[in-house]
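One structure is given here, and the rest of the page talks about it.
The values are calculated or read from the model by the stated rules, or taken from the named source; none is laboratory data. Predicted model, so just to flag it, every value in this text is computed and none were measured. As a convention, Cβ positions derive from the backbone with ideal geometry for all residues, glycine included, and neighbour counts pool all protein chains shown. Side chains are part of the model used for accessible areas, which takes the heavy atoms of the whole protein and leaves out ligands, DNA and RNA. Shrake-Rupley method; radii C 1.70, N 1.55, O 1.52, S 1.80 Å.
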Amino acid sequence: MKASSFRRIIATLAVAVAAGFAGAAESRPNLLVIVADDLGHGDLGCYGATRVKTPNVDRLAAAGVRFTAGYAPSSTCTPTRYSLFTGEYAWRQTARPTSILDGDAPLCIEPGRLTLPQALKNAGYFTGAIGKWHLGLGDGRTPVDFNGRIAPGPREIGFSHSHIIPATVDRVPPVWIENDRVVGLDPADPISVSYQRDFGVEPTGVDRPDLLKVGADRQHAGTIVNGISRIGFMKGGRAARFKDEELTSTVVRQSVAFLEAHRAQPFFLYVGLFEPHVPRVAEPPFAGTSEVGVRGDVIQQLDWATGELLRTLDRLGLAENTLVVFTSDNGPVLFDGYFDRSREDVKDHRPAGGLRGWKYLVYEGGCRVPLIARWPARIRPRVSDQMFGLVDLYATVARLTGAKFAADSAPDSLDLSPVLLGETTADLRDHTVLHGIGNTLSLRSGAWKYVPATQSGPASGIGSGANPNDTRFAESRIPAPQLFNLRADPAETKNVIAEFPERAAGLKQRLDTIIAGPGRRGAP
Ligand code: NG6
Ligand code: CA
């Protein structure tokens with residue numbers, strides 16, 4: 001062997017050994033997971049948007065891996081976030097409802113379960129959840145007591161610290177909960193909540209539309225808080241009610257404080273941003289700043305919030321070894337109950353980036369979401385077309401952090417760390433199941449997508465009070481099965497099932513097997 005080759009081998013070994021040591025000791029990354037709400041595949045500059053400016057998220061993407069085939073396992077919030085934290089498809093779990101939850105619904109993740117936050121906590125991480133929760137609170141045996149201790153909640157599934165809103169901004173009660181207590185509650189003015197009946201003491205969108213900042217449909221015409229009628233009814237808790245115009249600043253302030261407080265130990269911070277979900281209310285500096293109306297304004301606000309978190313990591317010297325994941329819980333929607341002109345103002349901006357369908361649906365527009373991961377220490381900047389599911393974050397992070405979890409505790413989660421780190425160009429996830437309202441499921445496998453017919457329509461899963469005949473949900477009724485070739489037809493325009501009946505039958509069988517199976521780490 002020539003001396004130069006020998007030297008090269010020795011040098012390579014030295015690098016490998018050094019990397020091995022780093023892997024064992026200080027390379028355990030911090031984890032910051034930012035989940036936007038209803039942000040579409042085409043809503044960011046780095047995914048092609050031009051009328052909405054998102055320089056901060058774009059910079060994040062340029063310094064990390066940007067996935068073009070990132071998937072939310074469901075086209076609505078609760079089931080997606082359930083999967084993110086458990087590594088299990090939400091539809092597998094039938095003991096607890098995981099459809100779009102109301103503000104007084106019970107916790108949908110079993111307390112004590114080895115969730116992603118719990119596994120990281122066990123591994124010595126400080127864990128926090130800030131912003132949108134929407135996974136339920138309380139045990140369901142007694143109604144949630146918003147005036148007392150609210151448990152089980154984030155803490156019982158592994159978050160040491162939390163500062164959350166219970167469900168969606170458009171649902172009562174519009175309050176912050178820190179750990180297990182409503183923030184700023186006056187005991188002399190207790191909160192009552194009902195999704196069935198109006199207490200008759202506070203104005204609603206039905207009887208006092210003159211008080212509204214923005215008009216709403218019947219489902220969103222419950223109790224008026226801060227000039228916005230919500231889903232559901234409440235009374236009391238006046239001092240604790242949030243102002244929509246301050247929500248994002250609060251998330252930023254709380255998140256910055258969390259990062260400052262826990263900079264010295266490994267941490268996992270989950271940040272649930274509210275934009276661009278309804279009701280869309282821009283904080284004053286962002287109002288009127290985009291070319292496409294209020295929905296664009298609040299996306300630009302979300303970009304600012306993301307930038308503040310990234311700047312904090314820089315300031316604290318944490319950026320290099322923090323894995324930042326930025327994504328969305330489901331696809332976009334323009335009209336979702338409030339007449340805020342998002343539909344009228346959209347111009348040629350394409351929230352779903354040209355994909356078919358929207359939030360609520362099993363088509364690509366409902367589930368394919370922006371997904372960006374930055375970890376300067378280990379991830380090489382690039383764009384990846386490999387599939388990556390939000391359900392895979394659990395096993396992937398467990399591998400990267402050394403957190404222990406039992407395989408059966410995250411049955412649908414694949415360790416995609418080689419994909420994340422760019423060590424392979426193979427599609428380690430070669431299929432994914434997608435869930436929509438009405439408990440519809442579809443299967444993407446390689447280039448193909450199979451969409452079964454639905455029997456029932458969207459009777460379940462849209463939350464209380466929703467009108468199943470709403471045109472938004474029309475496409476969730478699928479009269480005959482469909483097959484698409486996403487490589488040739490990414491927008492799912494051409495049902496080719498008549499040309500490829502055997503392929504469709506194969507996919508149907510595979511979907512049935514996955515549904516029937518217990519879920520495994522790996523393909524069934
Ligand atoms: C729906 C609401 C919608 C939104 C959604 C949850 C109606 C008609 N629509 O039921 O406004 O709150 O639930 O969105 O009630 S999600 O992103 O949290 O899943
Ligand atoms: Ca959502």
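Okay, here's what the table says:
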item	result
Accessible area of the chain belonging to carbon and sulfur atoms, whole % at 1.4 Å probe	53
³J(HN,Hα), Karplus 6.51/-1.76/1.60, whole Hz, each residue of the stretch 215-230, x for Gly, Pro	x, 9, 7, 4, 5, 9, 9, x, 4, 8, 10, 6, x, 10, 7, 10
Spin-label model distance (nm) - Ala62 vs Ala474, 7 Å beyond Cα toward Cβ	4.2
Residues listed by number, the stretch 101-136, amide nitrogen under 15 Å from Val183 label point at 7 Å toward C-beta	128-133
Dipole magnitude of the chain, debye to nearest 20 (Cβ charges: Lys/Arg +1, Asp/Glu -1, about Cα centre)	1420
Volume per residue that the Cα convex hull of the stretch 234-296 spans, once the total is divided by residue count, Å³	140
Rounded accessible area per residue of the chain, 1.4 Å, Å²	38
Gln265 versus Glu110: modelled label distance in nm, points set 7 Å from Cα along the beta carbon direction	2.8
For the stretch 168-287, fraction of C-alpha pairs farther apart than 17 Å, in %	61
FRET efficiency, Arg218 to Arg341 (Cβ-Cβ, R0 25 Å, nearest 0.05)	0.85
Distribution of pairwise C-alpha distances over the stretch 88-188, 5 Å bins, in %	3, 14, 23, 25, 20, 11, 4, 1, 0
Cα-projected label distance for Ser192 with Arg141, points at 7 Å along beta-carbon direction, nm	2.5
Relative packing of 235-246, 121-132, which averages over residues the other C-beta atoms within 10 Å, highest first	121-132, 235-246
Extreme residue, positive dipole direction of the chain, given options Thr54, Phe67, Val362 (C-beta unit charges)	Phe67
Sorted peptide list for 248-261, 349-362, 185-198, 315-328, criterion being average Cβ within 10 angstrom, highest first	349-362, 315-328, 248-261, 185-198
P(r) tail fraction, the stretch 43-140 - alpha-carbon pairs more than 21 Å apart, %	50
Relative packing of 288-296, 112-120, 97-105, 82-90, which averages over residues the other C-beta atoms within 10 Å, highest first	82-90, 97-105, 112-120, 288-296
Cα-only radius of gyration and Dmax that characterise the chain, units Å	22.7, 89
